[in-house]
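S.K.: Got a structure here, written out as C-alpha cells. Questions coming.
Only the coordinates and a few stated rules stand behind these numbers; no lab work does. A quick note: this is a predicted structure, and the numbers were derived from the prediction, not measured. As a convention, Cβ positions derive from the backbone with ideal geometry for all residues, glycine included, and neighbour counts pool all protein chains shown.
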Amino acid sequence: MIIELLKSKIHRVKVTQAELNYVGSITIDEDLLDAANIIPNEKVQIVNNNNGERFETYAIKGERGTGTVCLNGATARKVQVGDILIIMSFGSLPMEEAKKYKPILVFPDDNNRLLK
C-alpha cells in the first residue's frame, strides 16, 4: 500500500504581499524553500491561521534572504498582508517506508527568516 504523508512544513510564516493581478501561485523566499526541501512548481497546501482558509497552489522561488511570502492570483483573496500561514507539501511512500519517514519542519522567525 502507498500512503500520502507530510513531506515538509513551513510553520507560521507571515504574508508579506498579495498580488491579485498575477497568474497564480505562492512566492516563497528561496531560503525557506531550500530549508523545507520544497522545489519550484511543487504543489503546496496552505492553511491561513487568521481566517481558517485552506487551499492548494504551487510554489515559486522568491528572492533569497528577503522573507518574501506572496500569494498571487486568486489566492490573494484568501489572505491579508500580515496573516500567519502554514505551508505544507506531501509525498507518497510505501507503508513501511512511511512509518520511518520524518518530515522536514521549518520554524522561521517573525520576519520569515531562518533561525540561526
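S.K.: Under the condition of being basic (Lys, Arg) and in contact with an Asp or Glu (Cβ under 9 Å, 6 or more places away or on another chain), which residue from segment 41-76 is farthest from Ile3 (Cα to Cα)?
M.R.: Here the residue is Arg64.
S.K.: Right, next: Mind listing whichever residues of segment 51-72 are hydroxyl-bearing (Ser, Thr, Tyr) and outside any strand (DSSP E or B)? Before you say what the answer is, go through the steps one by one.
M.R.: Taking segment 51-72 first, the residues hydroxyl-bearing (Ser, Thr, Tyr) are 57-58, 66, 68.
Selection gives Thr66, Thr68.
S.K.: Further question: Out of everything in segment 93-104 that is touching a residue at least 40 places away in the same chain (Cβ under 8 Å) and surrounded by fewer than 11 Cβ atoms within 10 Å (Cβ to Cβ), what residue ends up being nearest to Ile60 (Cα to Cα)?
M.R.: Top of the filtered list is Pro94.
S.K.: Can I ask one more? I'm told Thr75 meets every condition in (1) assigned to a helix (DSSP H, G or I); (2) without any contact (Cβ under 8 Å) to a residue 12 or more places away in the chain except one. Can you identify the failing condition by its number?
M.R.: Evaluating Thr75 over (1) assigned to a helix (DSSP H, G or I); (2) without any contact (Cβ under 8 Å) to a residue 12 or more places away in the chain leaves (2) as the failure.
S.K.: A follow-up question, please. If a residue has to be out of contact with any Phe, Trp or Tyr (no Cβ under 9 Å at 6 or more places or on another chain) and loosely packed, with under 14 Cβ neighbours inside 10 Å to count, how many in segment 25-57 make the cut?
M.R.: Of all residues in segment 25-57, those out of contact with any Phe, Trp or Tyr (no Cβ under 9 Å at 6 or more places or on another chain) come to 27-39, 49-57.
Pick out the ones that are also loosely packed, with under 14 Cβ neighbours inside 10 Å and you get 39, 49-52, 54, 56.
The total comes to 7.
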